[in-house]
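The values are calculated or read from the model by the stated rules, or taken from the named source; none is laboratory data. Here the structure is a predicted model, which means the values were calculated and not measured. Backbone-built Cβ (ideal geometry, glycine too); neighbour counts: all protein chains shown. These area figures cover heavy atoms from the full protein model, side chains too; ligands, DNA and RNA do not enter into them. Shrake-Rupley method; radii C 1.70, N 1.55, O 1.52, S 1.80 Å.
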Number of protein chains: 2
Amino acid sequence: MVMAEIDENSVGIVQTKSVRLVESDEPLQLECGKTLTPIDVAYETYGQLNETGDNAILICHALSGDAHVAGYHSPDDRKQGWWDNMVGPGKGIDTNKYFVICSNFLGGCSGTTGPSSINPQTGKSYGLDFPIITIADMVKVQKLLLNNLRIKELLAVIGGSIGGMQVLQWAVSYPNFVKAAIAVATTSHLGAQSIAFDAVGRNAILADANFTNGQYHGKGGSDRGLAIARMIGHVTYLSEQGMREKFGRKLRSAEQYSYDFNSEFAVETYLDYQGQTFVERFDANSYLYITKAADYFDLQKDYGSLTNAFANTRSRFLIISFTSDWLFTPAQSRALVEALAAKGKDVSYCDIASPYGHDAFLLEPETLGRFICCFLQATYRPEARQQPCSCYARSMRQLSRFEQAHRARVDYELIESLIEPNSTVLDIGCGDGGLLVNLVRDKNIKGEGIELDQELVLDCVCRRLPIIQQDIEQGLGYYSDKSFDYVILSQTVQTIKNPENVFKELLRVGKKVIVSFPNFAYWRCRAQIFLSGQAPVTKQLPFSWYDSPNIHFLSLRDFEEFCRKLGVRIEKRVPLVKASVSPVRFAPNLFAEQVIYVTSLG
Amino acid sequence: MVMAEIDENSVGIVQTKSVRLVESDEPLQLECGKTLTPIDVAYETYGQLNETGDNAILICHALSGDAHVAGYHSPDDRKQGWWDNMVGPGKGIDTNKYFVICSNFLGGCSGTTGPSSINPQTGKSYGLDFPIITIADMVKVQKLLLNNLRIKELLAVIGGSIGGMQVLQWAVSYPNFVKAAIAVATTSHLGAQSIAFDAVGRNAILADANFTNGQYHGKGGSDRGLAIARMIGHVTYLSEQGMREKFGRKLRSAEQYSYDFNSEFAVETYLDYQGQTFVERFDANSYLYITKAADYFDLQKDYGSLTNAFANTRSRFLIISFTSDWLFTPAQSRALVEALAAKGKDVSYCDIASPYGHDAFLLEPETLGRFICCFLQATYRPEARQQPCSCYARSMRQLSRFEQAHRARVDYELIESLIEPNSTVLDIGCGDGGLLVNLVRDKNIKGEGIELDQELVLDCVCRRLPIIQQDIEQGLGYYSDKSFDYVILSQTVQTIKNPENVFKELLRVGKKVIVSFPNFAYWRCRAQIFLSGQAPVTKQLPFSWYDSPNIHFLSLRDFEEFCRKLGVRIEKRVPLVKASVSPVRFAPNLFAEQVIYVTSLG
């Protein structure tokens, strides 16, 4: 009866397995300088390893997670694994295709050796005698597990939050082992605010009279302290907007205030509940050790800079943040992206719009699932890059936009003809990546894109293009000078707030900059303005004055004067009428509807 | 020797006074239904009450404040009052002009009756037997103090954070007593996130084994719990940016991690220190009662809506928020402003740019001081409105912008001539308020302004104009239909992203909308485009295509077509050449450099 409720997209009934990875005779060397032995690890797997062994995916869990990612532990089990909405047949991480592994990390309290384990030297649980562990130590133990399972390479390592820290550590520690690193809602290092929240939580545990310096041996140690730490955590996992919409000032039951200190607001009851259920399943000592590992995590510390830390990585990276996440902020994800891009790594980034705060990495299975699905597929079967990924079938709207964006770029053919084979190309406002994909196919270029629209970014991910979601007005400071043979700015200059800054930045980053735009001095425009005294409306300028995305109007002559002012050399000019590929030869500022320039700093 | 260090801008040596305001025979009726007696109040005063008694200002303190606002308690005292940078001779709240009063609020622990006071029924301190008090109760006791001091009216009530809640309560409870209400970094009600932080802090106190249900009678009650509550508070008072810049990941001493659970990061040491010093001067029971009063505060609860709550107020309001304050957010301040504006109240608002988070209300004395100084002066001596306030002398840059902005509005004279005497006017993008001040002087209008620039907002505050800092693209939803006889949009329509939405909104809010803009079809423009094929540069359109704030280009004909499309009636059209007040009569779309329209929905 209960089994019937397990739907076909579930991995079904699963078991947590356990394996001893470190024996007493060969203890594990930890980053803190101490050693640890023995080490047992709890893990689960879903799906099948294929014959070539190239479909294995490691999932790294966050603070309060465990090895139980998906499915149920028994037919009576009412609670699925913690990422069941992402892992299963046909889901974002498709267990029909991939072999998925997750283990409880070192220091945890769900089957893997941690401070609540028995210290062989005392016969009692370690408590605060457990050595301080780090994210790198966790990853080291995960690698031992994969060795044990005879995994020779990982298609991907995937994780959110502290799980994302492990992903980054994997890419740095084992560069040849990891094809794709998918780091969600994470950072290379916590900032002062996050460390502060962790510290207050630890203080609450340590201040609990029942904590007895960690030597509580089993249940009931620091229940109130741990609950308070968890409450603080929960406030930081949600967004202000999310809390406002979910709780607002709702009272638990009464309409009127009770005028006492009982939990009365719905949000108080929620926190009480979260604190209470957490202490029933979690260990206060583990909470101390894991948050300390998170605080200590600092990828750049040993390398001088984040850029250096990533220097030897060989993975493709997908970095995902969420707009309302204030614990692991979009700015922190951007710092990862910029460090990777600065080193010329294959990195894609999207800041997914979500109101759910940090918790969004668990609560946006649809959007996040499509990004992960596409990125995995493009890594696993790159030859299929011309077709949108199968998860697109879920949403016809996206398919339609995919096509629309393609049609909007009428000057592709000409721009293609201007680019040398085997060159490097950055396409600004690259849309669905249509031009770049053509250039890769026809000219064997190495291409990257920048695009603002979330759905178009996904299109590019799907097509295996490195794509960074960004507003070009923010600049490209992370790329060093002359990083690209070509930078393309197609049909965009007239929509940019500060074209001078942007154009200068493109000229710094690219050896050549290709710019195309509609010619405002096309004769039909001039005639309309001159004769009718109205803002012109043409095929190339199809908008009314009040609803146009174009906020600058320029002609060939305007642009050329602009180039003179900036000391920019115009290497080539291709004035065009309509979609014809034959350039206009006579009086182009009058007869060209649009124009393509190749420019450089000479 | 020590006295010499007290500078001339200090109020000097001051004393906290104490007065019994509620005697045993006439207990105070509290909002919770219980009564309380006796009630003693600690307070300080600075400056002198003048003969007419119209210069009294009440300052309301926040959670951890007290009656000691400014100056020193003794020549040896090394710590000034909590708002010494704002209160004193020549400061934002100038004690040479004003008589300033502040009292420790009810429930506090710095001299006024609170839970640490002796319960006359038991002879021991109240502890949790103290009745729950509210912000309204605090204000009631403050009113008793003012009666006792024979204050007949308040020039202003001023406070930040929980002090701001008291300010709002004052304006609602005693509408005829308060001329100006200055509410800084505050809200009409806490949201779920803030209640959650308060609740976690209270949990930490209540969970402390030494709290013993509040019956700890004196020191050492819930030191660890109170310290944790204070730490949580401190994280919320700072901004992420502020913490990043102040602490980052700095370690207290060593370069390398110590791999233990001692406080190691600078931010941890800071929090330890803040927690420790707080428990030395504050009382855990008071912390519970004050945060509960803040959580309960909800101005709209008894009135159905915030708009209704403010219906009977008669004060002028100055609402101030800080851009990086995420505890009492700018959005919450905006909600106050919108409710007041909806009721036609005299309200001014500025969201001061600051990186200091909620603490900015204590850490931006320069900017905040100028706003408060100007608002007080404009309330105290409204006849001086034509001159900038004396605090302007501090910054010559502002004086210069003051003038610049004035010069930019060449169409003032003509717009003035279009407006009927004694009407109501909303000026969008009003700059320094020059037009509105002229209209008040010459036509006796009731005017309000909307402006984005912080310095220009201050100019308007200085000139006693109700001024709301806002981006017009956000809409004017808070004003009801036909709130104004005239809405003016002068030289702005061409810089708005979405002119259609904005124009519709203006037409909803105003009976008539006056629009002026530069004519893009002026013959010089047409000729330039037609003959030279370049974006036109004229006196009215003096920018290059790449650095223009104008993002739409329209002509008289464009605008008139736009009006037809929206069903808008053009009541009057005044085409102009240069700054001449004589309208262009022949072929205005060709010969007018700029134009003024009076429009309505007919």
Scope region A:275-306; condition surrounded by fewer than 19 Cβ atoms within 10 Å (Cβ to Cβ), in a helix (DSSP H, G or I) and more than 12 Å from every other protein chain (Cβ to nearest Cβ); matching residues: A:T277, A:E280, A:R281
Residue list for region B:189-202, restricted to those being at the interface with chain A (Cβ under 7 Å from one of its Cβ atoms) and of a type in the set (G, A, S): B:G191, B:A192, B:A196, B:A199
Where B:F591 falls short, out of the listed (1) more than 9 Å from every other protein chain (Cβ to nearest Cβ); (2) open to solvent by 10 Å² or more (accessible area, probe 1.4 Å); (3) under 38 Å from the mean Cα position of the chain (by Cα): (3)
For A:K497: the one exception among (1) at the interface with chain B (Cβ under 9 Å from one of its Cβ atoms); (2) part of a strand (DSSP E or B); (3) basic (K, R): (2)
Any hit, region B:561-576, residues being among the aliphatic types (A, V, I, L, M), touching a His at 6+ places or on another chain (Cβ under 8 Å) and farther than 22 Å from B:I419 by Cα: no
Of the criteria (1) on the phi < 0 side of the Ramachandran plot; (2) open to solvent by less than 10 Å² (accessible area, probe 1.4 Å); (3) of a type outside the set (S, T, N, Q), which one B:G533 fails: (1)
Region B:307-327, subset among the polar types (S, T, N, Q) and buried (at least 24 other Cβ atoms within 10 Å of the Cβ), residue nearest to A:Q241 (Cα to Cα): B:S321
Checklist (1) surrounded by fewer than 21 Cβ atoms within 10 Å (Cβ to Cβ); (2) facing chain A (nearest Cβ under 10 Å); (3) within 30 Å of the chain's Cα centre (by Cα); (4) in contact (Cβ under 8 Å) with a residue 40 or more places away in the chain applied to B:K504, failing item: (2)
Among the candidates A:K91, A:K143, A:K179, A:K152, residue that is touching a residue at least 24 places away in the same chain (Cβ under 8 Å), crowded, with 22+ Cβ neighbours inside 10 Å and among the basic types (K, R): A:K91
Condition met for B:F247 (among the aromatic types (F, W, Y) and either open to solvent by 10 Å² or more (accessible area, probe 1.4 Å) or at the interface with chain A (Cβ under 9 Å from one of its Cβ atoms) (or both)): yes
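Residue-wise test of (1) in contact with an Asp or Glu (Cβ under 8 Å, 6 or more places away or on another chain); (2) free of Cβ contacts under 8 Å to residues at least 40 places away in the same chain; (3) on the phi > 0 side of the Ramachandran plot.
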{"position": "B:L418", "(1), (2), (3)": "no, no, no"}
{"position": "B:L435", "(1), (2), (3)": "yes, no, no"}
{"position": "B:K443", "(1), (2), (3)": "yes, yes, no"}
{"position": "B:G447", "(1), (2), (3)": "yes, yes, no"}
{"position": "B:C460", "(1), (2), (3)": "yes, no, no"}
{"position": "B:G475", "(1), (2), (3)": "yes, yes, yes"}
{"position": "B:Y478", "(1), (2), (3)": "yes, no, no"}
Among (1) without any contact (Cβ under 8 Å) to a residue 60 or more places away in the chain; (2) in contact with a Lys or Arg (Cβ under 9 Å, 6 or more places away or on another chain); (3) over 16 Å from A:P38 (Cβ atoms), the one test that A:I118 misses: (3)
Residues located in region A:509-556, provided they are more than 7 Å from chain B (Cβ to nearest Cβ), more than 22 Å from B:T495 (Cα to Cα) and hydrophobic (A, V, I, L, M, F, W, C): A:V509, A:V513, A:I514, A:V515, A:W523, A:A527, A:L531, A:L556
Flag if A:A229 is of a type in the set (G, A, S), more than 9 Å from chain B (Cβ to nearest Cβ) and open to solvent by less than 20 Å² (accessible area, probe 1.4 Å): yes
B:A67 vs. criteria touching a strand residue (DSSP E or B) at 6+ places or on another chain (Cβ under 7 Å), open to solvent by less than 10 Å² (accessible area, probe 1.4 Å) and either closer than 20 Å to B:G160 by Cα or free of Cβ contacts under 8 Å to residues at least 40 places away in the same chain (or both): yes
Residue among A:A180, A:A196, A:A227 that is in contact with a Lys or Arg (Cβ under 6 Å, 6 or more places away or on another chain), at pLDDT 95 or above and not aromatic (F, W, Y): A:A180
Residues of region B:82-103 satisfying the condition of being among the polar types (S, T, N, Q) and part of a loop (DSSP other than H, G, I, E, B): B:N85, B:T95, B:N96
Selected residue [farther than 24 Å from A:A67 by Cβ, out of contact with any Leu (no Cβ under 6 Å at 6 or more places or on another chain) and surrounded by 24 or more Cβ atoms within 10 Å (Cβ to Cβ)] from A:I195, A:I158: A:I195
Qualifying positions in region A:251-273 - part of a helix (DSSP H, G or I) and either facing another protein chain (nearest Cβ under 9 Å) or surrounded by 17 or more Cβ atoms within 10 Å (Cβ to Cβ) (or both): A:A266, A:V267, A:E268, A:T269, A:Y270, A:L271, A:D272
Of the criteria (1) closer than 26 Å to B:S417 by Cβ; (2) crowded, with 24+ Cβ neighbours inside 10 Å; (3) touching an Asp or Glu at 6+ places or on another chain (Cβ under 8 Å); (4) touching a residue at least 24 places away in the same chain (Cβ under 8 Å), which one B:L489 fails: (3)
Qualifying residue in region A:185-197 (condition: in a helix (DSSP H, G or I) and in contact with an Asp or Glu (Cβ under 7 Å, 6 or more places away or on another chain)): yes
Residue list for region A:203-224, filter: open to solvent by less than 10 Å² (accessible area, probe 1.4 Å), more than 7 Å from chain B (Cβ to nearest Cβ) and in a helix (DSSP H, G or I): A:I205, A:F211, A:G214
Output for region A:581-602, where each listed residue is at pLDDT below 85 and aromatic (F, W, Y): A:F586, A:F591
Positions within region B:539-588 being in a strand (DSSP E or B), in contact (Cβ under 8 Å) with a residue 40 or more places away in the chain and open to solvent by less than 60 Å² (accessible area, probe 1.4 Å), in sequence order: B:V574, B:P575, B:L576
Which listed residue is surrounded by 24 or more Cβ atoms within 10 Å (Cβ to Cβ) and not in a helix (DSSP H, G or I), from B:G163, B:G108: B:G108
Residues located in region B:462-471, provided they are of a type outside the set (K, R) and touching a residue at least 24 places away in the same chain (Cβ under 8 Å): B:C462, B:L465, B:P466, B:I467, B:I468, B:Q469, B:Q470
